[in-house]
């Protein structure tokens, strides 16, 4: 029996990424976590803080993949429109979540800070959402259907992601092994391609790199069959030795 | 008369980004360059090295935005499928480009390296493509319609992007100014929102940051009206002073 393939996509809601102001740091974290869980990240989209754009991306992707993760746009200011937009995408009511309110208030009280209406804006979410605790700054993310809504600030996102993990099915971890050699991509292309044809179940990629003035190639094998990957690593070493001769 | 709004999207073709192996560094560079040219980056998609996924993304986006930039997948190995896939997306022939061949050969000769058939694979592209010179490693990118196909390695991509720029229309540069203050996002949310309502032509965003244990908020104004942005910066300074009292 073929196991279900678990797949995922990320939607980054972020004018600050599209303007070049900020470097995204969330994709690599989520991608690595998903690999360890045996979930294949298939697509990432960065969209602007525009309702129609967010709805289009979320609805297209949630129909296509097992899990969708969004980052960004759940703060207290007018440009934070993710929560109400996700409610619209699910045709759900946008309403105050009492548990979220409690968590935000607890955090502000612990910080000896005033509770303002703008803070409570972060407690509004789709009615059928379940909150995802944020152990860093109180204001939770949430889960609705197969969509996990998280903050954009990396360390807060990572805290919420740990909560999201409790809801994820997992498969065999996806293992990645690589071998680096000072040969050109062109020199190994044919034999590497033949190997890929023989073992289509393993993803094989080649990436050139440069150390000082010297070019090399990194060959990467990726898949969930650890034994086969180890065997193919040995085959690659042989190919490299012959090319380097 | 309203000037045409110039827009763009990026398609990153990269299993290595989706697996978490590599951190993308191209979006921020391209985003910043486009802002300076007055072109608004509206969307980024990261897709796997899978023909159907690349075609879907490129065709959806090229119909929607003024310019599309792709990065990655134009090297000499079997996993480099961007060029033939773009040919398919345009229903164009995938064929040897003589100018590209010449550039690759010149580079290899200058490097005193052997010319292999796998190197010449990088000279194949859609028949109606125009090459974009790569002053770093010879193998060019190309332009077809409103799609600019570039390498994934940042410094090579940047070289090709300089050539792509020659084909781009430009508008008024998009200016971004920001002000940082040690106030919470919640404290300024209402007044910031009122300001946005009054000046919808300026994009206003607020981003929390943390220095040590201290939280602050970065308020960003973005648009092509430099004078108005300067005026609003002063208004923001006043708002912050009042909040901080």
### Message
Give me the base-10 log of I(q)/I(0) for segment B:10-59 at each q in 0.30 Å⁻¹, Debye formula, one uniform scatterer per Cα, rounded to two decimals.
### Response
-1.08
### Query
When each copy gets a label point 7 Å from Cα toward the beta-carbon at residue A:244, what are the spacings between them in nm, shortest first?
5.9
### Highest to lowest packing among A:173-183, A:41-51, scored as the average C-beta count within 10 Å
A:41-51, A:173-183
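Taking a temperature of 20 °C and a viscosity of 1.002 mPa s, what whole-number D in µm²/s does Stokes-Einstein yield for segment B:7-167 with Rh from Kirkwood over alpha carbon pairs?
Details: Rh = 15.6 Å.
In µm²/s, the coefficient is 137.
What is the packing order of peptides B:159-169, B:61-71, taking the mean over residues of other C-beta atoms within 10 Å and listing the highest first?
With the highest mean Cβ count within 10 Å placed first, the list reads B:61-71, B:159-169.
How big is the Rg/Rh ratio for segment A:37-80, C-alpha atoms only, Rh by Kirkwood, two decimals? Present the calculation step by step, with values, prior to reporting the outcome.
Details: Rg = 12.0 Å, Rh = 11.8 Å.
Over the Cα atoms of segment A:37-80, Rg/Rh equals 1.01.
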### Acute angle (nearest 10 degrees) that the helix B:98-110 long axis makes with the longest principal axis of chain B, alpha-carbon atoms
90
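With each run of n ≥ 4 DSSP H residues scored as -39500 (n - 2.57), what mean residue ellipticity at 222 nm is computed for the protein assembly as shown after dividing by its residue count and rounding to the nearest 500 deg cm²/dmol? Could you put the intermediate results ahead of the total?
Details: 18 runs with 192 residues, N = 490.
Computed mean residue ellipticity for the protein assembly as shown: -11500 deg cm²/dmol.
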### Against the rule of thumb 2.2 N^0.38 Å, how large the Cα Rg of segment A:175-244 comes out
1.06
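Count, for each residue of A:18-30, the Cβ atoms from other chains sitting within 10 Å of its Cβ, then give me the mean as a whole number.
Working: counts 12, 13, 13, 11, 5, 6, 5, 1, 0, 8, 7, 1, 1.
Partner-chain Cβ atoms within 10 Å, mean over residues of A:18-30: 6.
Per residue of A:44-51, how many C-beta atoms from partner chains lie within 10 Å of its own C-beta, taken as a mean? Present the calculation step by step, with values, prior to reporting the outcome.
Numbers: counts 9, 7, 11, 4, 5, 2, 1, 0.
Shielding by partners across A:44-51 averages 5.
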### Task
Report, for residue A:171, each distance to the same residue's label point in the other copies, shortest first and in nm; define the point 7 Å along Cα→Cβ.
4.2
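Can you give the average number of partner chain beta-carbon atoms within 10 Å of each beta-carbon in peptide A:200-212, as a whole number?
Working: counts 0, 0, 0, 5, 4, 12, 6, 11, 8, 1, 5, 0, 0.
For this peptide, the per-residue mean of nearby foreign Cβ atoms is 4.
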### Task
Grab the residue from chain B whose Cβ hugs the B-to-A rotation axis most tightly, plus its distance in whole angstrom.
B:45, 3
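Could you check how many percent of all C-alpha pairs in the protein assembly as shown are farther apart than 35 Å?
Details: 45616 of 119805 pairs.
Across the protein assembly as shown, Cα pairs with separations above 35 Å total 38 percent.
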### Query
Hey, for residue B:117 with labels 7 Å out along Cα-Cβ, what do the inter-copy distances come to in nm, ordered shortest first?
7.3
### Summary
Contour minus Cα-Cα span, residue A:210 to residue A:227, at 0.36 nm per residue, comes to 3.1 nm
#### Entry: Degrees between helix B:226-244 axis and first principal axis of chain B (Cα, 0 to 90, nearest 10)
50
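If each residue's Cβ is checked for other Cβ atoms within 10 Å, how do B:204, B:233 rank with the fewest at the top?
On the way: B:204 22, B:233 14.
Listed from fewest to most nearby Cβ atoms, that is B:233, B:204.
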### Query
Any idea what angle helix A:154-164 forms with the longest principal axis of chain A, computed on alpha-carbon atoms, 0 to 90 degrees, nearest 10?
90
### Message
Testing the spin-label approximation: label points 7 Å from Cα along Cα→Cβ at residue B:191 and residue A:4. State their distance in nm.
### Response
5.1
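Bear in mind these aren't lab numbers, they're just calculated from the coordinates by the rules spelled out. Owing to the predicted nature of the structure, the values given are computational and were not obtained by experimental measurement. As a convention, Cβ positions derive from the backbone with ideal geometry for all residues, glycine included, and neighbour counts pool all protein chains shown.
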